[in-house]
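Presented below is the structure to which this report refers.
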Amino acid sequence: MIMEFEPSLIGCYIWNENHSFNMIKKSRECVINIPTVEIATAVVKIGNCSGRDVNKFEEFNLTPLPGKEVRAPLIKECYANFECELTDSSLIKKYNLFVLTVRKAHVAISAQFPKTIHYRGDGLFMISGPTVKKYRKYFKPENL
């Protein structure tokens, strides 16, 4: 979830049994990768296995890219990658909530917004829909 725009803060719940939980807690950094529907099957399969047992880059034919600000790898096949640093660890023990600062954002240049896939829980996913401008007249950028 977006928590702040400047600096760019993201709240990220991670189950304490996930391999990522201790990796991020220890290294204090991570990359949030935003996949598109083109790799949706791989994304779901990735979520069904653990990095403790599987090299996910090799198993799912993904390309790791070095970060500019963090040591964690970006995924080339993803539309966007956000290099993050753990800013606040006070909510981890009670809520498994990591507060992350985005240090560097990478977004693929495209003429159109891609269809990205997002997990909704209980095995359900959402694919992003069309971009609409009809509400823009109500938008007040000065309130950001």
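The values are calculated or read from the model by the stated rules, or taken from the named source; none is laboratory data. Computed from a predicted structure; not experimentally measured. Heads up, the Cβs are rebuilt from the backbone with ideal geometry, glycines too, and the neighbour counts pull from every protein chain shown. Heads up: the accessible areas ignore ligands, DNA and RNA and are worked out on the full protein's heavy atoms, side chains in. Shrake-Rupley method; radii C 1.70, N 1.55, O 1.52, S 1.80 Å.
A few comments on the model shown:
- Residue count, the stretch 101-122 (criterion: part of a loop (DSSP other than H, G, I, E, B) and under 27 Å from residue 48 (Cβ atoms)): 4
- When residues of the stretch 1-29 are limited to those that are closer than 16 Å to residue 82 by Cα and either touching an Asp or Glu at 6+ places or on another chain (Cβ under 8 Å) or free of Cβ contacts under 8 Å to residues at least 40 places away in the same chain (or both), the one surrounded by the most Cβ atoms within 10 Å (Cβ to Cβ): 29
- Considering residues of the stretch 98-144 that are of a type in the set (Lys, Arg) and more than 26 Å from residue 68 (Cβ to Cβ) only, the residue surrounded by the most Cβ atoms within 10 Å (Cβ to Cβ): 115
- Scanning the stretch 1-26 for residues that are of a type in the set (Val, Ile, Thr) and more than 18 Å from residue 54 (Cα to Cα) gives 2, 10, 14.
- Residues located in the stretch 34-87, provided they are under 14 Å from residue 103 (Cα atoms) and open to solvent by less than 40 Å² (accessible area, probe 1.4 Å): 67, 70, 72, 74, 80, 81, 83, 84, 86
- Among the residues listed as 125, 98, the single one being under 16 Å from residue 38 (Cβ atoms) and assigned to a strand (DSSP E or B): 125
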